[in-house]
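The values are calculated or read from the model by the stated rules, or taken from the named source; none is laboratory data. What you are looking at is a predicted structure, and each value in this text was computed from that prediction instead of being measured. When we count neighbours, we look across all protein chains shown, and the Cβ atoms used for this are built from the backbone with ideal geometry, even at glycine.
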Amino acid sequence: MKKEVAITGMGIVSAIGNSVEENLEALLTSKSGLGTSKHIKTHHKESIKVGEVRFTNAEIATQLNLPEDNNYTRTALLGCLAAKEAVQNVGITSISEYKTGLISATTVGGMDMTENYWKQFASNPEVQKYISSHHAGDSTEKIATSLGITDYVTTISTACSSAANAIMLGARLIKAGKLDRVVVGGTDALSKFTINGFKSLMILSESNCTPFDANRSGLNLGEAAAYLVLESDEVVAAQDKPVLAYVSGYGNANDAFHQTASSKTGDGAYLALKKALKVAGLQPSDINYVNAHGTATQNNDLSESVALQRIFNERTPHFSSTKAFTGHTLAAAGAVEAVFSVLALQQNSIFANLGFELAMPETGLIPVTQPQKKELKHVLSNSFGFGGNCSSLIFSEA
Amino acid sequence: MQNGTVICNGKEIVSADNEQGFSEFAKRVYKNQQWEYPKFFKMDRLSKLTFLTAEILLKELTISSEVKEQLAVVLSNKSASLDTDRKYQDSINSIENFYPSPAVFVYTLPNIGMGEVCIRHKIQGENAFFVFDDFNPLFLKHYAESLAQNNKATQVLCGWTEIDEKGYNSFLYLASPNGTLPHTEETIKKLYTQS
Amino acid sequence: MDALKQELKENIIEQLNLEEFTVEDIDNDDALFGDGLGLDSIDALELIVMLDKDYGIKLTDPEKSKEIFQSINVLAAYITEHRTK
């Protein structure tokens, strides 16, 4: 396994905590962050559970020392908070010392503000500032500005695999020598737009989701932001800093089946998994734990289970979905779960697949239901998005 | 494809009065090319634009299904799925008439159009979608070359598919080892401006 | 009920963007899903929205919808019995 892309820092804000430590604590004690929404005003409030970040927008703005008259959307606020933690954890004193990039993912963008204010855009000058912050690239630019990153800044938007793809691109740019260091991840806030959209697809669960369970009834939406700092071997050596883990494999493929449903045989997932293993130079049997996409929809969990059985030849390693902790955080999911995968490696711990009771009759697969200690060398993380966009990442111990 | 015209390899394939809106024009291209793919009519405008442009290009190049299966797709635009986002927002705008449309919602992501092309041609290679302020030929060139160098794909379908209230323009090209033009930023930029 | 069936056919063609179909192409007993009109799962969800919007019928179980959407005849009978608009 080539050690070429080091993870030296992480930052995360989600329904189970506002820092890496808080998230870890919740994971180790199986404390879910799902509940009735407190901040977002949706008339579906009583009939769904969401993974909402504890802070209000005002509280985050204060933490970031933003001027009162700012046009930060919740997506941008969450993003800046998590990215800041990641960079601070690496102890970067001068961002321009090395060629540094930012690759951020989002699907909601500024929709959380636009949906509240757009009817007033023509008449109320006070809210017009949110017009320019609607764009998918806005949160990325705000994060870049706050971190002082100018060498390379881009936005990826490929649904639920977005942040995983950001990590993948970041790893490639490091390996290609185009960047010495790159902040990668994603951010998405809850919005009425997505809540109503997913409800119209009838895949939202009324209660806490139960991934991989025979009686699963859909997903819970969540909001989060998570970023990792990737650095090249040279930078790591020059700075003599601790490496948290390595990005050792990645793969992306298209399921080519349906705009939003996954194929029964999990083709896209299978191909992505296969590619990730190839890049990492690993055999399926080298994987010690899979952090599954596991949204708890009828469709994904079956499709993903079949793909896992195909790639692992019926010897599926320990696996769990952590979406019953945070909800499905859409564009941020790939990065949230990357952080969780790195924590798993550091702690030699597998986190529980909350809510599971009965295996799916089609596959009989049983996830890990209690947190457990296990020596972990290689962890695989899946993120599958609408549009058939399937990504798999492999993280290896430092 | 833009302003009521479709050009492939420098040849004008379809031309229409530019006063026609995109939807009418798209229908016209579909009928002109005599395709039979009823799912086309369910797509949002961005997916239709992506689909049509890809369909014309892929028809022109005769690629085997084995090659198509491994094709990588790297697309980009400026407005993401804003055009469809607005339409979806309309369906949830008034309390009295609150009917979120699932068929519109599924298209409120910029990469679904790419997904439609993959479904149609059974393309299962890597696919990525980027949001840029402007058409970025250098980025696409690097990405495609990186895929080739790392043996991720031998051929890459790249381009720009942008649509919003102001208009539409799409530009797709195939980067491959047996291409006839050099794969440089200048060439790509030139082709984009010419089309 | 004939007027309803006609209305349903028109609505379905319009709502589901069935550009290449006319009302005459849809027989009352034709399978709407599968081989018939070739509708898919997203179309089923759109029809559920249509039931609510145009006829005031709220369906919360997507599985139940498979029975109701079998054909124009079945759908029209169901609407006649349950409509509140």
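Give me the residue from region A:70-127 that is acidic (D, E) and within 23 Å of the chain's Cα centre (by Cα) and, out of that set, nearest to the other protein chains (Cβ to nearest Cβ). Give the steps one after another, and end with the answer.
First, pick out the residues of region A:70-127 that are acidic (D, E): A:85, A:97, A:112, A:115, A:126.
Still in the list and also within 23 Å of the chain's Cα centre (by Cα): A:85, A:112.
Working: A:E85: 25, A:D112: 12 Å.
Among residues in region A:70-127 that are acidic (D, E) and within 23 Å of the chain's Cα centre (by Cα), the one nearest to the other protein chains (Cβ to nearest Cβ) is A:D112.
So A:V243 passes all but one of these: (1) surrounded by fewer than 24 Cβ atoms within 10 Å (Cβ to Cβ); (2) within 19 Å of A:D213 (Cα to Cα); (3) modelled with pLDDT of 95 or more. Which condition number does it fail?
Just one mismatch for A:V243, condition (2).
Given the residues B:L157, B:L147, B:L174, which is the only one that is touching a residue at least 24 places away in the same chain (Cβ under 8 Å) and out of contact with any Leu (no Cβ under 8 Å at 6 or more places or on another chain)? Talk me through it step by step, then tell me what you get.
Details: B:L157 fails: out of contact with any Leu (no Cβ under 8 Å at 6 or more places or on another chain); B:L174 fails: out of contact with any Leu (no Cβ under 8 Å at 6 or more places or on another chain).
Testing whether each residue is touching a residue at least 24 places away in the same chain (Cβ under 8 Å) and out of contact with any Leu (no Cβ under 8 Å at 6 or more places or on another chain) leaves just B:L147.
Only one of these is more than 11 Å from every other protein chain (Cβ to nearest Cβ) and hydroxyl-bearing (S, T, Y): A:S161, A:S146, A:S157, A:S191. Name it. Spell out how you get there, then give the answer.
Numbers: A:S161 fails: more than 11 Å from every other protein chain (Cβ to nearest Cβ); A:S157 fails: more than 11 Å from every other protein chain (Cβ to nearest Cβ); A:S191 fails: more than 11 Å from every other protein chain (Cβ to nearest Cβ).
So the residue among A:S161, A:S146, A:S157, A:S191 that is more than 11 Å from every other protein chain (Cβ to nearest Cβ) and hydroxyl-bearing (S, T, Y) is A:S146.
Those residues that are part of a loop (DSSP other than H, G, I, E, B) and aliphatic (A, V, I, L, M), I need them from region B:92-122; list them, please. Write out each step before concluding.
So the first thing to find is which residues in region B:92-122 are part of a loop (DSSP other than H, G, I, E, B), and the list is B:92-101, B:106-111, B:122.
Within region B:92-122, B:I92, B:I95, B:V106, B:L109 meet the criteria.
Filter region B:24-82 down to the residues that are small (G, A, S) and at negative phi and list them by number. It would help to see each step written out before you state the result.
Initially, region B:24-82 is screened for residues small (G, A, S), giving B:26, B:47, B:54, B:64-65, B:72, B:76, B:79-81.
Listed by number, the residues that qualify are B:A26, B:S47, B:A54, B:S64, B:S65, B:A72, B:S76, B:S79, B:S81.
Here are B:I7, B:I13: which of them is more than 16 Å from the chain's Cα centre (by Cα), surrounded by 15 or more Cβ atoms within 10 Å (Cβ to Cβ), at negative phi and aliphatic (A, V, I, L, M)? Spell out the reasoning first.
Values: B:I7 fails: more than 16 Å from the chain's Cα centre (by Cα).
Result: B:I13 is the single residue among B:I7, B:I13 that is more than 16 Å from the chain's Cα centre (by Cα), surrounded by 15 or more Cβ atoms within 10 Å (Cβ to Cβ), at negative phi and aliphatic (A, V, I, L, M).
In region B:157-181, what residues are surrounded by fewer than 18 Cβ atoms within 10 Å (Cβ to Cβ) and among the acidic types (D, E)?
Of everything in region B:157-181, those that are surrounded by fewer than 18 Cβ atoms within 10 Å (Cβ to Cβ) and among the acidic types (D, E) turn out to be B:D164, B:E165.
Tell me the residue from A:Q239, A:Q309 that is more than 14 Å from every other protein chain (Cβ to nearest Cβ), free of Cβ contacts under 8 Å to residues at least 24 places away in the same chain and not hydrophobic (A, V, I, L, M, F, W, C), please. Even if it seems obvious, please write down each step before you answer.
Working: A:Q309 fails: free of Cβ contacts under 8 Å to residues at least 24 places away in the same chain.
None of the other options fit; the residue is A:Q239.
Can you find a residue that is surrounded by fewer than 16 Cβ atoms within 10 Å (Cβ to Cβ) and either of a type in the set (K, R) or in contact with a Gly (Cβ under 8 Å, 6 or more places away or on another chain) (or both) anywhere in region A:96-114? I'd like the intermediate steps shown before the answer.
So in region A:96-114, the residues surrounded by fewer than 16 Cβ atoms within 10 Å (Cβ to Cβ) come out as A:96-97.
Of the ones still in play, those that are also either of a type in the set (K, R) or in contact with a Gly (Cβ under 8 Å, 6 or more places away or on another chain) (or both) are A:96.
Checked against the condition, which is being surrounded by fewer than 16 Cβ atoms within 10 Å (Cβ to Cβ) and either of a type in the set (K, R) or in contact with a Gly (Cβ under 8 Å, 6 or more places away or on another chain) (or both), region A:96-114 yields at least one hit.
Taking the condition touching a strand residue (DSSP E or B) at 6+ places or on another chain (Cβ under 8 Å), of a type in the set (D, E) and farther than 23 Å from A:A256 by Cβ, does B:E126 pass?
Numbers: touching a strand residue (DSSP E or B) at 6+ places or on another chain (Cβ under 8 Å): yes; of a type in the set (D, E): yes; farther than 23 Å from A:A256 by Cβ: no.
No; evaluated as a whole, the condition is false for this residue.
Quick check, is A:G327 under 17 Å from the mean Cα position of the chain (by Cα) and at pLDDT 95 or above?
Details: under 17 Å from the mean Cα position of the chain (by Cα): yes; at pLDDT 95 or above: yes.
In short, yes.
I'd like the full set of residues that are of a type outside the set (V, I, T) and facing chain A (nearest Cβ under 8 Å), limited to region B:122-142.
Kept after step one, since they are of a type outside the set (V, I, T), are these residues of region B:122-142: B:122, B:124-130, B:132-142.
Within region B:122-142, B:K122, B:Q124, B:G125, B:E126, B:N127, B:A128, B:F129, B:F130, B:F132, B:D133, B:F139, B:H142 qualify.
So which of A:A276, A:A296 ends up being outside any strand (DSSP E or B) and either within 14 Å of chain B (Cβ to nearest Cβ) or surrounded by fewer than 23 Cβ atoms within 10 Å (Cβ to Cβ) (or both)? I'd like the intermediate steps shown before the answer.
On the way: A:A296 fails: either within 14 Å of chain B (Cβ to nearest Cβ) or surrounded by fewer than 23 Cβ atoms within 10 Å (Cβ to Cβ) (or both).
Step by step, each of A:A276, A:A296 is checked, and only A:A276 is outside any strand (DSSP E or B) and either within 14 Å of chain B (Cβ to nearest Cβ) or surrounded by fewer than 23 Cβ atoms within 10 Å (Cβ to Cβ) (or both).
With respect to B:I112, is the statement that it is aliphatic (A, V, I, L, M), surrounded by 16 or more Cβ atoms within 10 Å (Cβ to Cβ) and in contact with a Lys or Arg (Cβ under 8 Å, 6 or more places away or on another chain) true? Break it down into steps so the answer makes sense when it comes.
Details: aliphatic (A, V, I, L, M): yes; surrounded by 16 or more Cβ atoms within 10 Å (Cβ to Cβ): yes; in contact with a Lys or Arg (Cβ under 8 Å, 6 or more places away or on another chain): no.
No; evaluated as a whole, the condition is false for this residue.
Test of understanding: among B:E19, B:E24, B:E60, B:E69, which residue is surrounded by fewer than 20 Cβ atoms within 10 Å (Cβ to Cβ), of a type in the set (D, E, K, R), touching a residue at least 24 places away in the same chain (Cβ under 8 Å) and away from chain A (no Cβ under 13 Å)? Even if it seems obvious, please write down each step before you answer.
Details: B:E19 fails: touching a residue at least 24 places away in the same chain (Cβ under 8 Å); B:E24 fails: touching a residue at least 24 places away in the same chain (Cβ under 8 Å); B:E69 fails: away from chain A (no Cβ under 13 Å).
Going through B:E19, B:E24, B:E60, B:E69 in turn, just one is surrounded by fewer than 20 Cβ atoms within 10 Å (Cβ to Cβ), of a type in the set (D, E, K, R), touching a residue at least 24 places away in the same chain (Cβ under 8 Å) and away from chain A (no Cβ under 13 Å): B:E60.
Please report, ordered by residue number, the helices (runs of 4 or more DSSP H) entirely within region C:16-85 with at least 1 residues that are within 12 Å of chain B (Cβ to nearest Cβ). Let's see the steps before the verdict.
Details: elements: C:41-55, C:62-68, C:72-82.
Helices (runs of 4 or more DSSP H) meeting the threshold: C:41-55, C:62-68.
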